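Taking it in order: structure first as structure tokens, then the write-up.
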Amino acid sequence: MDPTERVIPTWTDPSARRASALIGGPLGRHAQVGRNKILTPLRVCLLMTIGMLIFGWLAKSACIQQDAKSGVAQLDQSGQRPWLTGCYNDVVPLYGSRGFDRPKDFPYANSFIELKSGGERRIYPAGSVHEQDGNLVANTSKGTVTLSDQDIVGSAEDGYQQVVGGQLQPVSDIADLGQVRYLEYPAVTGLFQWGISWVTEGYLNVAKSSSILPVPLDVAAYFTLGAIFLGLFYLWAVACTAKINRRRVWDTAIMCLSPLLVVHAFTNWDLLAIGLCAGGMWAWATRRPVLAGVLLGLGMAAKLYPGLLLGPLFILCLRAGKLGAFAKTLVAAGLAWLATNLPLLLWYPEAWNEFFRLNSTRPPEYDSWYFLFATFTDPNMWAPEPGSDTPSTVNNLSLVLFLLCCAAIGYFGLSVQRRPRFAQLAFLVVVAFLLTNKVWSPQYSLWLVPLVVLALPRWRPVIIWQLIEAGVWLLLMFQFAYVNDNKTGLPVQVFAVLAIVRGLMVAYLAVLVFRDMLRPQHDLVRLAGDDDPSGGVLDGAPDRFTLPSLPTLWRRVRRRRDDRPAAAGELAGVGSGTAGAGHRTAGGPPPASGPSPAEPSKADPSRTARHVRPGGATRPAASCAEALRSPTNAAKPAPSAHTPPPK
């Protein structure tokens, strides 16, 4: 695409125009666009992203500080540091508890137990335990470990034993002690975590054998190296989004400068799935359905949400008659997911099922509507039934609500007058998942960032939403601090109020997307001259299958209801008098010419000829002519994206 065809945000977006005052104001009228071969828009976006990722690492670095007061360097988590600084992340506490500090141990082969009395204990394989110098010890990849009372030995297949008084005692039912747990992450995420463990061990070995590289704590090295690789995946997501959004490439700055990167880039491992999902969308946009399926399948094996994009693809391909391309993507996604999950399912079935078990038994998350509703009503309203550890009510409710939302979005995609863009439907489905699911972990909001760039490139509402998300995270951290010590932090009600505002803001963004779909003249992407940049084979394709919209169905029902009295009058006229209208008696005169009393006059304006509009709606011919003559409907020149604002 020629650089002069790009949309300039400082000319078209009021928020971007005002923000540009920090760097000298909007682009000049006579500026030469596209002549700089080094600082291209994509490279500038990548540089901005690197800067924000650095800020994201700094925001979490307070949780990897070390303390050497005891003479040995160790992690310093004192003073409620993770909550009051907002640096909490899942990487640091899971480093040791999930076995990432032992790369020679396959993470899905490890298990631990959550004790009913509180805390967690590692479960040691029976083959690694033996007696040495009168003590029970276990051989591990990190060396020999002396077992203490309450330690657990064994496996689900061979049974469990507990150390009691220096001796192993059989455990009749492990559930009496607690819940046996495994690594709770999907296959691709778990393999990524394991791979970073090997990279960390390699780096530490090199650093310790040389005097050049710094030697941090093991967990600090693991966190930092993992952040580097996660950052690479997000940079890939930025590049893919920019390649899709070629005409509006500068809108990618919304995800490059996102405040969510500062608070959530390294809270968990979500950037891995975000990169794979963005890569899948780029592959689909460039008409590579098989590659798109592979990347979406791998993304689905890292987090669930990339698989949600297959639903919008099916709806749009059904409407455009492109089910062949969709079938290739679906099969490729299924094979990619199966290739990464089948080995775990066969060799470690309990560990593979842990992700699904945990998500079915966990209560509503703090950010979910269910928790927020319970906060102001009954805190125990979503508790499991007696004798069960699964909150079936909220599980079923969230599933039904999500399916209803998907059905509504699918029907809307098939009935709206102009086919929606792929990114629009994808954004709506992910929003529906977040709003209806019982688990809305704070970092899940990152999923929406690349999608909102393509679906709704309106800077002001998107930036406001992201700032609210950052505030929600900080208030949640303060609430955790308040639980531990009510002299610090804030009560949960303060967090809940802002979380409700955040949910309403996300719903508002979805409403804006619906409006753009109903009225394409408000869609900034289509105003710039594109049909569907993320659509691939759907871009510019004609419709093959549609459904009537709700207004059309309502007009049909009303028309049938209005026609019934007229039909009843005609039937009444047939049986009255010596001869009904249109009938003649034997030997009698022919019926008089002209309309019968039951027949509407041809001059009746309510029965004029009608023009059929797309979607089945009808409109009187006179009304169509009036609409064409109306000055408000006269043809207007499309707004140019390259005309600078008036001075």
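Observations on the structure shown:
- Which listed residue is surrounded by 17 or more Cβ atoms within 10 Å (Cβ to Cβ), out of contact with any His (no Cβ under 6 Å at 6 or more places or on another chain) and closer than 18 Å to W447 by Cβ, from A374, A423: A423
- Residue list for region 59-95, restricted to those being of a type in the set (S, T, N, Q) and either at pLDDT 95 or above or part of a helix (DSSP H, G or I) (or both): S61, N89
- Residue match in region 497-520 (condition: in contact with a Gly (Cβ under 7 Å, 6 or more places away or on another chain) and under 26 Å from Y370 (Cβ atoms)): yes
- Residues of region 203-232 that are closer than 20 Å to L272 by Cβ and either open to solvent by less than 50 Å² (accessible area, probe 1.4 Å) or more than 32 Å from the chain's Cα centre (by Cα) (or both): Y203, V219, A221, Y222, F223, T224, L225, G226, A227, L230, G231.
- From the options V492, V557, residue that is under 22 Å from L84 (Cα atoms) and either of a type outside the set (D, E) or modelled with pLDDT of 95 or more (or both): V492
- Q179 passes every criterion in (1) at pLDDT 95 or above; (2) touching a Lys or Arg at 6+ places or on another chain (Cβ under 9 Å) apart from (1).
- Identity of the residue in region 389-408, part of a loop (DSSP other than H, G, I, E, B) and open to solvent by less than 50 Å² (accessible area, probe 1.4 Å), that ends up modelled with the highest pLDDT: P391
- With respect to the conditions (1) open to solvent by less than 60 Å² (accessible area, probe 1.4 Å); (2) at pLDDT 80 or above; (3) of a type outside the set (S, T, Y); (4) in a loop (DSSP other than H, G, I, E, B), G56 falls short on a single one, namely (4).
- Region 66-124: number of residues that are in contact with a Cys (Cβ under 8 Å, 6 or more places away or on another chain) and at positive phi: 0
- Look at (1) hydrophobic (A, V, I, L, M, F, W, C); (2) in contact (Cβ under 8 Å) with a residue 24 or more places away in the chain; (3) surrounded by fewer than 24 Cβ atoms within 10 Å (Cβ to Cβ) and you find that L310 fails only one, number (2).
- Long-range neighbours under 9 Å by Cβ, at least six apart or interchain, first residue in a helix (DSSP H, G or I) within region 367-387, second surrounded by 19 or more Cβ atoms within 10 Å (Cβ to Cβ) and of a type in the set (D, E, K, R): W369/K438; Y370/K438; F371/K438
- Near pairs, Cβ below 6 angstrom, 6+ apart or cross-chain, from region 402-414 (more than 13 Å from V430 (Cα to Cα)) to any residue that is assigned to a helix (DSSP H, G or I) and charged (D, E, K, R): L414/R319
So that you can scan it fast, the table gives a plain yes or no per residue for (1) more than 21 Å from S141 (Cβ to Cβ); (2) in contact with a strand residue (DSSP E or B) (Cβ under 7 Å, 6 or more places away or on another chain); (3) not in a helix (DSSP H, G or I):
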{"site": "G202", "(1), (2), (3)": "no, no, no"}
{"site": "N205", "(1), (2), (3)": "no, no, no"}
{"site": "L213", "(1), (2), (3)": "yes, no, yes"}
{"site": "K243", "(1), (2), (3)": "yes, no, no"}
{"site": "D251", "(1), (2), (3)": "yes, no, no"}
{"site": "V263", "(1), (2), (3)": "yes, no, no"}
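- Listed by first and then second residue, the pairs linking a residue in region 199-212 that is farther than 17 Å from G226 by Cβ to a residue that is β-branched (V, I, T) and in a loop (DSSP other than H, G, I, E, B), with Cβ atoms under 6 Å apart and 6 or more places separating them unless they lie on different chains, are K208/V215.
- Extreme residue, surrounded by the fewest Cβ atoms within 10 Å (Cβ to Cβ), among residues of region 254-278 that are under 30 Å from S20 (Cα atoms) and of a type in the set (G, A, S): G275
- Enumeration of residues in region 96-133 that are assigned to a loop (DSSP other than H, G, I, E, B) and open to solvent by less than 60 Å² (accessible area, probe 1.4 Å): R98, G99, F100, D101, R102, P103, D105, F106, N110, S111, G118, G119
- Taking the listed residues L309, L271, L298, the one that is out of contact with any Asp or Glu (no Cβ under 9 Å at 6 or more places or on another chain) and either of a type outside the set (A, V, I, L, M, F, W, C) or closer than 25 Å to V525 by Cα (or both) is L309, with no other qualifying.
The values are calculated or read from the model by the stated rules, or taken from the named source; none is laboratory data. Predicted model, so just to flag it, every value in this text is computed and none were measured. As a convention, Cβ positions derive from the backbone with ideal geometry for all residues, glycine included, and neighbour counts pool all protein chains shown. The protein model used for the area step is the full one, side chains on, heavy atoms only, and it has no ligands, DNA or RNA in it. Shrake-Rupley method; radii C 1.70, N 1.55, O 1.52, S 1.80 Å.
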